[in-house]
1. Among the residues of the stretch 99-109, write down those that are under 21 Å from P156 (Cβ atoms) and either crowded, with 16+ Cβ neighbours inside 10 Å or of a type in the set (D, E) (or both).
2. For Q155, are the conditions met, namely being closer than 30 Å to D108 by Cα and away from ligand 1 (no atom under 16 Å from the Cβ)?
3. What number of residues within the stretch 6-38 satisfy the criterion of being of a type outside the set (A, V, I, L, M, F, W, C) and more than 16 Å from L180 (Cβ to Cβ)?
4. Consider L289 carefully, then state whether it is of a type in the set (A, V, I, L, M, F, W, C) and away from ligand 1 (no atom under 16 Å from the Cβ).
5. Return the residues of the stretch 261-288 that are basic (K, R) and away from ligand 2 (no atom under 16 Å from the Cβ); say none if nothing qualifies.
6. When you check V228 against the structure, is it farther than 26 Å from Q20 by Cβ, in contact with a Phe, Trp or Tyr (Cβ under 8 Å, 6 or more places away or on another chain) and within 14 Å of ligand 1 (Cβ to nearest atom), yes or no?
7. For S322, indicate whether it is buried (at least 19 other Cβ atoms within 10 Å of the Cβ), hydroxyl-bearing (S, T, Y), in contact (Cβ under 8 Å) with a residue 60 or more places away in the chain and within 13 Å of ligand 1 (Cβ to nearest atom).
Amino acid sequence: MAYQKKSRVVTLEEYIIQAQNKFPGATGELSQLLRDIGLASKIISREVNKAGITNILGEDGSKNVHGESVKKLDIFADEQLINALNRSEITCMVISEENDGIVELDNDGGKYIVYMDPLDGSSNIDVNVSIGSIFSIYIRQHPGSDRLSEQEALQPGIKQVAAGYVLYGSSTMLAYTTGLGVSVFTLDPSIGEFILSDGDVHIPDYGTIYSVNEGSYHSWDQGLKQYVKYCQVEDSPTRRPYKARYIGSMVADVHRTLVKGGIFIYPNSSLYPSGKLRLMYECNPLSFLIEQAGGMAIDGRGRILEIHPESIHQRTPIFIGSRDNVLKVKEFLDKYPAESTKV
Ligand code: AHM
Ligand code: MG
């Protein structure tokens with residue numbers, strides 16, 4: 001019987017090292033940082049999978065800095081990621097959704113600043129729906145200068161050197177970019193390794209799924225109301241009506257959008273005048289990744305990645321996904337400027 005050559009399995013570790021070897025001058029620090037995040041996410045994945053059978057499930061009673069109830073797994077994920085980043089001593093500070101101020105790590109001379117949402121969509125834990133971790137990495141602008149400060153962490157999204165997410169879904173997937181396209185890995189729990197699924201992911205230019213919390217319809221501006229009506233109208237050349245899909249976990253909704261195309265929206269509204277999602281550790285990293293896959297991400301006016309942040313926890317509206325879908329929603333937003341449609 002002839003031996004059939006199988007395509008070789010590539011692990012996250014191998015892939016990161018191969019990518020690093022393409023840059024002769026690379027110090028390997030960013031590679032180490034990505035490996036640290038990969039390791040922490042395997043530990044988080046294990047605990048997420050056990051959530052239903054251990055008493056880790058449920059709220060721990062405290063509130064996070066935004067007054068939202070904190071689940072035990074949020075804290076666990078936060079600690080795992082911070083510990084992993086602290087261990088390799090190349091990160092000087094971490095900014096996390098779960099912590100009010102910056103978290104200074106042991107190596108205050110470290111070169112990297114990491115933003116993260118350790119467990120996004122955590123209200124979905126109790127109902128066994130997908131959740132995720134998001135990370136965003138910057139280089140410290142003035143290493144070795146004065147004390148670490150929030151100010152140093154306030155860089156626009158275009159300065160990210162890497163970003164990605166881990167999706168704890170029917171399988172655990174890790175997607176990341178260092179600005180040279182997007183790579184996606186799937187965790188094989190039997191060997192405890194992330195295996196390369198696709199080293200060059202492209203989002204379709206156009207998709208037929210829209211994703212937005214329509215329960216908030218009456219709080220939206222006119223432009224978005226009209227766009228959603230457009231999505232629902234029958235028109236065969238554009239394959240409308242679109243399908244509506246909304247998980248309520250940004251990582252899962254954006255991952256579906258990356259794979260199938262379409263648009264995910266969390267708008268500004270009378271309920272959330274600046275939007276709900278966080279610029280630095282939710283919108284910027286996912287925007288970087290979607291742009292690297294060939295898609296677009298805007299706040300309604302301009303590119304998310306060009307917003308100059310004023311605070312580490314600031315919010316922004318977001319319209320993210322396939323290029324043609326984002327351009328179309330922009331047409332509607334431009335046609336019905338918010339000020340002229342307020343009632
Ligand atoms: P979280 O960080 O507290 O989990 O909140 C962020 C989540 C996103 O994952 C999701 O897109 C959004 O909140 C859902 O909000 P809503 O319930 O208002 O639709
Ligand atoms: Mg979040």
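1. Applying the first criterion (under 21 Å from P156 (Cβ atoms)) to the stretch 99-109 yields 101-102.
Residue satisfying the conditions is I102 alone.
2. Working: closer than 30 Å to D108 by Cα: yes; away from ligand 1 (no atom under 16 Å from the Cβ): yes.
Criteria met by Q155.
3. Step one: of the stretch 6-38, the residues of a type outside the set (A, V, I, L, M, F, W, C) are 6-8, 11, 13-15, 18, 20-22, 24-25, 27-29, 31-32, 35-36, 38.
Of the ones still in play, those that are also more than 16 Å from L180 (Cβ to Cβ) are 6-8, 11, 13-14, 27-29, 32, 35-36, 38.
Residues in the stretch 6-38 being of a type outside the set (A, V, I, L, M, F, W, C) and more than 16 Å from L180 (Cβ to Cβ): 13 in total.
4. Values: of a type in the set (A, V, I, L, M, F, W, C): yes; away from ligand 1 (no atom under 16 Å from the Cβ): no.
Judged against the criteria, L289 is not a match.
5. Just the residues of the stretch 261-288 that are basic (K, R), to begin with: 276, 278.
Within the stretch 261-288, no residue meets the criteria.
6. Values: farther than 26 Å from Q20 by Cβ: yes; in contact with a Phe, Trp or Tyr (Cβ under 8 Å, 6 or more places away or on another chain): yes; within 14 Å of ligand 1 (Cβ to nearest atom): no.
Answer is no for this residue.
7. Numbers: buried (at least 19 other Cβ atoms within 10 Å of the Cβ): yes; hydroxyl-bearing (S, T, Y): yes; in contact (Cβ under 8 Å) with a residue 60 or more places away in the chain: yes; within 13 Å of ligand 1 (Cβ to nearest atom): no.
Answer is no for this residue.
This table checks each residue for (1) over 28 Å from L81 (Cα atoms); (2) in contact (Cβ under 8 Å) with a residue 12 or more places away in the chain; (3) not assigned by TED's automatic domain parsing to the domain that holds G101.
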site: D235; (1), (2), (3): yes, no, yes
site: P241; (1), (2), (3): yes, no, yes
site: T257; (1), (2), (3): no, yes, yes
site: I263; (1), (2), (3): yes, yes, yes
site: N268; (1), (2), (3): yes, yes, yes
site: R278; (1), (2), (3): no, yes, yes
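The values are calculated or read from the model by the stated rules, or taken from the named source; none is laboratory data. As the structure is a computational prediction, the values presented were derived from the model and not from experiment. Because the Cβ atoms are built from the backbone with ideal geometry, glycine has one as well, and the counts that use them run over all protein chains shown.
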